[in-house]
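The values are calculated or read from the model by the stated rules, or taken from the named source; none is laboratory data. Computed from a predicted structure; not experimentally measured. Cβ atoms come from the backbone with ideal geometry, glycine included; neighbour counts cover every protein chain shown. In case anyone asks, the SASA skips ligands and DNA or RNA and just uses the protein heavy atoms, side chains included. Shrake-Rupley method; radii C 1.70, N 1.55, O 1.52, S 1.80 Å.
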Amino acid sequence: MKNTIAVILARGGSKGIPNKNIAEIYGEPLISYSINLALKSKLVARTIVTTDDKKIASISKNCGAEVFMRSASLSDDVIMPDYAILDVINKLEKESYIPKVILFLQPTSPIRDIEDIEEALTLFSSQDADSLLSVSSMHGFIWREDNKGKLTS
């Protein structure tokens, strides 16, 4: 799919877990899992990370992604992802590139594989749909409070 892009939103100002998007998980920055899958897909033409953070930008470039810097006004914790994605689309339009399909990968959801992505893109392209959302069922809480009032997993 020549006009399919993967967009990964990774702001630097996480309040809950500082630097979560670049925290190391099994020796790799968290964001690298999403970048590597997008780059591995034969159906994705471009892999773009949009961020307000220079360190996230540097790590993302080193992983092979394109990086679009975004403003602080599009990086607040109450901003919906749509606005950051629209910012990416506007930047692409300036280079006369109009994506047909946008694959939105959250860096904080690394447990997926290339088959998940390619099956979703294939399903999406075979349907008369304007969006596709992938979710998984979960029962119970991941986090709980310890005896000191801190959240633990």
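Tabulated values for the structure
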quantity	calculated
Residue in segment 27-44 that is open to solvent by 40 Å² or more (accessible area, probe 1.4 Å), touching a Pro at 6+ places or on another chain (Cβ under 6 Å) and either in contact (Cβ under 8 Å) with a residue 24 or more places away in the chain or closer than 26 Å to Ala129 by Cβ (or both) present	yes
Yes/no for Leu123 being without any contact (Cβ under 8 Å) to a residue 60 or more places away in the chain, within 30 Å of Ser14 (Cα to Cα), open to solvent by 70 Å² or more (accessible area, probe 1.4 Å) and not polar (S, T, N, Q)	no
Selection status of Ile79, more than 14 Å from the chain's Cα centre (by Cα), surrounded by 12 or more Cβ atoms within 10 Å (Cβ to Cβ) and assigned to a loop (DSSP other than H, G, I, E, B)	yes
Index of the failed condition, Gly16 passing every other in (1) free of Cβ contacts under 8 Å to residues at least 60 places away in the same chain; (2) open to solvent by 20 Å² or more (accessible area, probe 1.4 Å); (3) in contact with a strand residue (DSSP E or B) (Cβ under 8 Å, 6 or more places away or on another chain); (4) not aliphatic (A, V, I, L, M)	(3)
Residue check for Val67: open to solvent by 10 Å² or more (accessible area, probe 1.4 Å) and assigned to a loop (DSSP other than H, G, I, E, B)	no
Residues of segment 1-19 satisfying the condition of being farther than 20 Å from Ala65 by Cα and of a type in the set (D, E, K, R)	Lys15
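Listed here are the residues, each with its yes/no results for (1) at pLDDT below 90; (2) closer than 15 Å to Ala6 by Cβ; (3) in a loop (DSSP other than H, G, I, E, B); (4) over 20 Å from the mean Cα position of the chain (by Cα).
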residue	(1), (2), (3), (4)
Leu86	no, no, no, no
Glu115	no, no, no, no
Leu121	no, yes, no, no
Val135	yes, no, yes, no
